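Readers should treat all values here as calculations from the given coordinates under stated rules, not as data from a laboratory. Please read these numbers as outputs of a predicted model, since none were measured by experiment. Note: ideal-geometry Cβ built from the backbone for every residue, glycine included; neighbour counts use all protein chains shown.
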Amino acid sequence: MTQEYLVSASNGVRVKIVVKPNSKQSGIKIDTEEKYLQISVKSPPDKGKANKELLKLLAKQLELSQTNLTIIAGQTSRDKIVLVTNITLEDIQKKIEKF
């Protein structure tokens, strides 16, 4: 079953994310209704610091280079869509299940 936060696209997989900046701990969890990934980052939403930490954390969890992740919507919002390339939707699901 495909979760709503993952959408297959011709150029990769789109991941719906809600970011929580200024958190005590960095971490990733799945929304209870599986509509988005909630990613907490320690960095403030200042000059792209939270976005950089978000991409670094997600790349590490998905075992990919950060060059495979691009924020395609929500650059200055807490609600974001990240395009992930060089990985299948099924592989992302497996790696996210480990959260």
Charged-residue dipole, Cβ positions (Lys, Arg, Asp, Glu), region 6-97 about Cα centre, Debye nearest 20: 440 debye
Rg ratio (alpha-carbon, reference 2.2 N^0.38 Å) - the chain: 0.98
Cβ-based exposure ranking for Ser43, Ser23, in which fewest neighbours within 10 Å come first: Ser23, Ser43
Distance between modelled label sites at Asp31 and Glu97, nm, 7 Å Cα→Cβ extension: 2.2 nm
Mean-position separation - Cα centroids, region 8-22 and region 59-80, in angstrom: 6 Å
Cross-link reach list, lysines versus Lys29, counting only Cα pairs under 21 Å and skipping chain neighbours closer than eight places: Lys16, Lys20, Lys42, Lys49, Lys52, Lys56, Lys60, Lys80, Lys94, Lys95, Lys98
Dipole axis of region 6-97 (+1 Lys, Arg; -1 Asp, Glu on Cβ), positive-most option in Ser26, Leu64, Leu37: Ser26
Highest to lowest packing among 46-58, 27-39, scored as the average C-beta count within 10 Å: 46-58, 27-39
Pairwise label distance in nanometres, Lys49 with Ser10, each label 7 Å out on the Cα-Cβ vector: 4.0 nm
Percent antiparallel among DSSP beta bridges (both partners in the chain, rounded to 5): 80 percent
Residues with amide H under 5 Å from that of Ala9, placed H, sequence gap 5 or more: Arg14
